[in-house]
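Visitor: Handing you this structure, nothing more for now.
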Amino acid sequence: MFQTEPILYLQSLGTEWFTFLMVMITSMGSAAFFAGIVITASFGINFKKGFLLFQLLLWTALFTEVFKALIAFPRPDFVDSRVLNLEDGIENTSPFNGNGDAGFFKLPDREILGAFRFQKAFLDSPFGFPSGHVALTTALWGGVSKVFNSRLISRLAPGVVLLMAFSRMYLGRHFLGDVLGGATLGLILLIAFTYFLKSPLNEDFFKKENFELSFRQKNLFFYSTMFVVPIILLFLSLISGEVAGFFLGTNAAYLLIIRNGLPEDAGSTGQRALRVFITLIIFGLSSLVLSIGFDAIGTAGYPGNTLIEFLKSFVPAFTIWISAGVCMKLGLYRRTFKE
């Protein structure tokens with residue numbers, strides 16, 4: 001499952017247009033794509049269901065990063081110099097030419113693992129196992145089918161996951177074992193999410209009193225899981241600044257929103273579309289301004305700077321609160337916030 005031969009075979013059959021198609025498919029596993037989906041669901045359809053979907057994706061990203069950091073497996077282009085990184089178009093400078101003689105279930109060679117983990121201590125080399133794209137795709141489309149009770153999405157979801165897994169292998173970004181691990185992790189979290197939807201915690205998550213500053217058991221539970229856990233994992237270097245930023249920014253925005261009362265979902269099709277448009281614009285502009293700003297002050301050469309990664313994801317995620325306020329001021333919700 002960690003052999004490069006299947007990837008080399010797939011890449012040998014590829015063409016320029018097919019590579020372009022695979023890059024388009026794999027872009028559906030990006031943070032921007034997921035943000036667009038959950039913003040559309042939250043502001044255009046149902047705020048509660050959309051935000052639950054957001055939480056599922058946040059926890060999937062968090063668990064994926066923790067497993068990546070703990071397992072610390074390399075990507076195919078580090079294992080084999082013949083593997084092309086077709087997604088980024090980066091030249092492969094790996095000194096290795098594959099695992100050598102190995103069985104289907106054999107892990108990457110110890111020499112390669114040792115070299116990768118040593119290099120990781122000095123360079124920003126991405127981990128491979130499990131595939132975050134596949135885990136998040138599994139959680140996203142499975143979660144959409146659950147929260148909106150859509151049979152159509154549930155039938156389409158396996159095909160979307162398979163396409164994502166295939167694109168990650170063809171582009172040289174993951175082994176077969178990586179994509180299987182990502183699908184398994186996403187499925188496990190989806191099952192846990194399904195149980196959460198049926199539990200009393202689902203309703204408790206949308207009660208204002210559970211987010212007041214008090215020492216009640218439920219309040220401590222929600223504050224701990226939504227804020228303390230990601231901070232601890234960030235300081236332990238088990239998650240990236242990007243994931244921590246999205247996690248804390250989204251939850252900080254939600255905390256401010258629920259303290260004022262959740263917005264109503266009622267509204268015309270035009271009002272719903274405008275709410276989504278405004279939120280996407282504010283989210284996108286904040287991301288663009290931060291990227292340009294950090295590049296202008298000379299941080300482009302430091303991709304591993306945790307604080308920069310954190311701010312570039314925290315601020316756009318936090319704009320969810322700003323967007324909700326703007327939509328209310330513009331009268332795009334039928335009624336004011338619930339008390």
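The values are calculated or read from the model by the stated rules, or taken from the named source; none is laboratory data. Remember, predicted model here, so these are calculated numbers, not experimental data. So basically every Cβ, Gly included, is an ideal-geometry build from the backbone, and we count neighbours across all protein chains shown.
Visitor: Would you check which residues across region 211-249 are more than 19 Å from A31 (Cα to Cα) and among the hydroxyl-bearing types (S, T, Y) and list them?
Guide: Result: S214, Y223, S224, T225, S237.
Visitor: Right, next: Please find, among L262, L238, L285, L274, the residue that is surrounded by 15 or more Cβ atoms within 10 Å (Cβ to Cβ) and not in a loop (DSSP other than H, G, I, E, B).
Guide: Among L262, L238, L285, L274, only L274 is surrounded by 15 or more Cβ atoms within 10 Å (Cβ to Cβ) and not in a loop (DSSP other than H, G, I, E, B).
Visitor: A follow-up question, please. Suppose we filter Y195, Y223 for residues that are without any contact (Cβ under 8 Å) to a residue 24 or more places away in the chain and under 21 Å from F246 (Cα atoms); which single one remains?
Guide: It is Y223.
Visitor: Of (1) under 30 Å from K106 (Cα atoms); (2) touching a residue at least 60 places away in the same chain (Cβ under 8 Å); (3) touching a helix residue (DSSP H, G or I) at 6+ places or on another chain (Cβ under 9 Å), F206 satisfies all except one. Which?
Guide: Condition not satisfied by F206: (1).
Visitor: If you don't mind, another one. Could you tell me whether F20 is outside the structural domain of Y223 (by TED's automatic domain parsing), hydrophobic (A, V, I, L, M, F, W, C), surrounded by fewer than 16 Cβ atoms within 10 Å (Cβ to Cβ) and not in a loop (DSSP other than H, G, I, E, B)?
Guide: yes
Visitor: A157 is checked against (1) over 23 Å from P74 (Cα atoms); (2) outside any helix (DSSP H, G or I); (3) in contact with a Phe, Trp or Tyr (Cβ under 6 Å, 6 or more places away or on another chain) and fails just one. What number does that condition carry?
Guide: Here A157 meets the rest and fails (2).
Visitor: Would you point out which residue out of E87, E65 is closer than 19 Å to G245 by Cβ, of a type in the set (D, E, K, R), out of contact with any Asp or Glu (no Cβ under 6 Å at 6 or more places or on another chain) and modelled with pLDDT of 80 or more?
Guide: Only one candidate qualifies: E65.
Visitor: Something else now. Give I232, I278, I257, I292 a once-over and let me know the one that is closer than 23 Å to P126 by Cβ and either β-branched (V, I, T) or touching a strand residue (DSSP E or B) at 6+ places or on another chain (Cβ under 6 Å) (or both).
Guide: So the residue among I232, I278, I257, I292 that is closer than 23 Å to P126 by Cβ and either β-branched (V, I, T) or touching a strand residue (DSSP E or B) at 6+ places or on another chain (Cβ under 6 Å) (or both) is I232.
Visitor: Only one of these is modelled with pLDDT under 90, of a type in the set (A, V, I, L, M, F, W, C) and within 23 Å of the chain's Cα centre (by Cα): I239, I322, I278, I308. Name it.
Guide: Testing whether each residue is modelled with pLDDT under 90, of a type in the set (A, V, I, L, M, F, W, C) and within 23 Å of the chain's Cα centre (by Cα) leaves just I308.
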